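So the structure is just underneath, and the comments pick up after that.
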Amino acid sequence: MIKIKTRKEIALLRESALLVSKTLGMLANEIKPGVTTLYLDKLAEEFIRDHGGVPGFKGLYGFPNTLCMSPNDQVVHGIPTNKPLQDGDIISVDCGVLMNGFYGDHAYTFEVGEVEEEVKKLLRVTKESLYKGIEQFRSGKRVSDIGHSIQKYTEAYGYGVVRELVGHGLGRKMHEDPQVPNYGRPGRGKKFKDGMVLAIEPMINMGTHRIVQLKDGWTILTADRKPSAHFEHDVALIDGKPELLSTFQYIYDALGIETDEEALFHRVYS
Ligand code: MG
Ligand code: MG
């Protein structure tokens, strides 16, 4: 059952989402060659607790850490390790927070040092596909319109859309109904209504869409070992239109990236 949120509940969800956004912005300053994902995980946990939240993933379904850290061919659910990041890596960072009874959950794939052009393109297209999906989250549309839009956009580049892992409703639970696949035929599933809150999160592979899981029971990686990207936003449906609760602006500010998210907001609102 899809839980409809009140304005007050959405305001609380926004606070949790923004704490995740700020955590990712803090990490953006720290991600560089030589740094371990376990060190970044510790920084994130401290930051979240210092700001009145608790890590949302730690202990959830038994996950051991604050961040899912998935480098290169890892898609999602990577466990932080003592292996230093290297120049040319990419690292998908997924972060959850629980605060005031509500979860925030969003993700960004970072470049480490100097990354190959074709990998940069994978990141750009995956991020753009996130906004293609968000544009579909409006009154009159249905759940599968999001995935259809993401799939159409990314497959045009020859990329693979992960099937087994999906976006989701977000609220007092990390994973609420509905499930939001990143592929599929349009016009199917529940109709969108004001007060719905979704975590929309394309996971896009440079090669095959197929994935495998490591023996650790968590780490998902691409079957062909080519790179994978993951971008996620928390979005509420308000007055028939999508409104971002999370933002990448803290990351852009930290990295000195000119692409300000305001322009993307306007695209979402238009
Ligand atoms: Mg997430
Ligand atoms: Mg999620």
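Just give me the residues in the range 58-97 being of a type outside the set (K, R), part of a loop (DSSP other than H, G, I, E, B) and farther than 19 Å from A28 by Cβ, in sequence order.
Once the filter is applied, which keeps residues that are of a type outside the set (K, R), part of a loop (DSSP other than H, G, I, E, B) and farther than 19 Å from A28 by Cβ, the range 58-97 yields G59, F63, P64, D73, H77, I79, T81, N82.
So which residues in the range 111-128 are more than 16 Å from ligand 1 (Cβ to nearest atom) and either free of Cβ contacts under 8 Å to residues at least 12 places away in the same chain or crowded, with 23+ Cβ neighbours inside 10 Å (or both), if there are any at all?
Once the filter is applied, which keeps residues that are more than 16 Å from ligand 1 (Cβ to nearest atom) and either free of Cβ contacts under 8 Å to residues at least 12 places away in the same chain or crowded, with 23+ Cβ neighbours inside 10 Å (or both), the range 111-128 yields E117, K120, L122, R124.
Pick from Y153, Y131, Y108: which is touching a helix residue (DSSP H, G or I) at 6+ places or on another chain (Cβ under 8 Å), within 15 Å of ligand 2 (Cβ to nearest atom), open to solvent by less than 70 Å² (accessible area, probe 1.4 Å) and not hydrophobic (A, V, I, L, M, F, W, C)?
Y108 is the lone residue from the list that is touching a helix residue (DSSP H, G or I) at 6+ places or on another chain (Cβ under 8 Å), within 15 Å of ligand 2 (Cβ to nearest atom), open to solvent by less than 70 Å² (accessible area, probe 1.4 Å) and not hydrophobic (A, V, I, L, M, F, W, C).
For the range 34-85, which residues satisfy the criterion of being within 23 Å of G167 (Cβ to Cβ), free of Cβ contacts under 8 Å to residues at least 40 places away in the same chain and of a type in the set (S, T, Y)?
Answer for the range 34-85, where residues must be within 23 Å of G167 (Cβ to Cβ), free of Cβ contacts under 8 Å to residues at least 40 places away in the same chain and of a type in the set (S, T, Y): Y61, T66.
Out of all the residues in the range 229-243, which are part of a strand (DSSP E or B) and open to solvent by less than 10 Å² (accessible area, probe 1.4 Å)?
A229, H230, E232, H233, D234, V235, A236, L237, P242
Any residue at all in the range 183-194 that's within 16 Å of ligand 1 (Cβ to nearest atom) and at pLDDT 95 or above?
For the range 183-194, residues within 16 Å of ligand 1 (Cβ to nearest atom) and at pLDDT 95 or above: absent.
Are any residues in the range 47-98 within 13 Å of ligand 2 (Cβ to nearest atom) and open to solvent by 50 Å² or more (accessible area, probe 1.4 Å), and if so, which ones?
Y61, H77
Going residue by residue through the range 196-210, is there one that turns out to be aliphatic (A, V, I, L, M), outside any strand (DSSP E or B) and farther than 13 Å from G147 by Cα?
So far as the range 196-210 goes, yes, one or more of its residues are aliphatic (A, V, I, L, M), outside any strand (DSSP E or B) and farther than 13 Å from G147 by Cα.
I need every pair where a residue in the range 168-180 that is over 19 Å from A11 (Cα atoms) has its Cβ under 6 Å from the Cβ of a residue that is of a type in the set (A, V, I, L, M) and within 13 Å of ligand 1 (Cβ to nearest atom), sequence separation at least 6 or different chains.
Close Cβ pairs satisfying both conditions: Q179/V166; V180/V166; V180/L198.
Any idea how many residues of the range 1-57 are closer than 18 Å to L98 by Cα, assigned to a loop (DSSP other than H, G, I, E, B) and basic (K, R)?
Residues in the range 1-57 being closer than 18 Å to L98 by Cα, assigned to a loop (DSSP other than H, G, I, E, B) and basic (K, R): 2 in total.
Are any residues in the range 150-188 under 22 Å from R124 (Cβ atoms), small (G, A, S) and not in a strand (DSSP E or B), and if so, which ones?
A156, G158 - these are the residues of the range 150-188 that are under 22 Å from R124 (Cβ atoms), small (G, A, S) and not in a strand (DSSP E or B).
Mind telling me which of the residues Y159, Y252 ends up being surrounded by fewer than 20 Cβ atoms within 10 Å (Cβ to Cβ) and either within 15 Å of ligand 2 (Cβ to nearest atom) or hydroxyl-bearing (S, T, Y) (or both)?
The match here is Y252.
The values are calculated or read from the model by the stated rules, or taken from the named source; none is laboratory data. Remember, it's a predicted structure, so these values are computed and weren't measured experimentally. Every residue, glycine as well, gets a Cβ built from its backbone with ideal geometry; the counts of neighbours run over all protein chains shown. The protein model used for the area step is the full one, side chains on, heavy atoms only, and it has no ligands, DNA or RNA in it. Shrake-Rupley method; radii C 1.70, N 1.55, O 1.52, S 1.80 Å.
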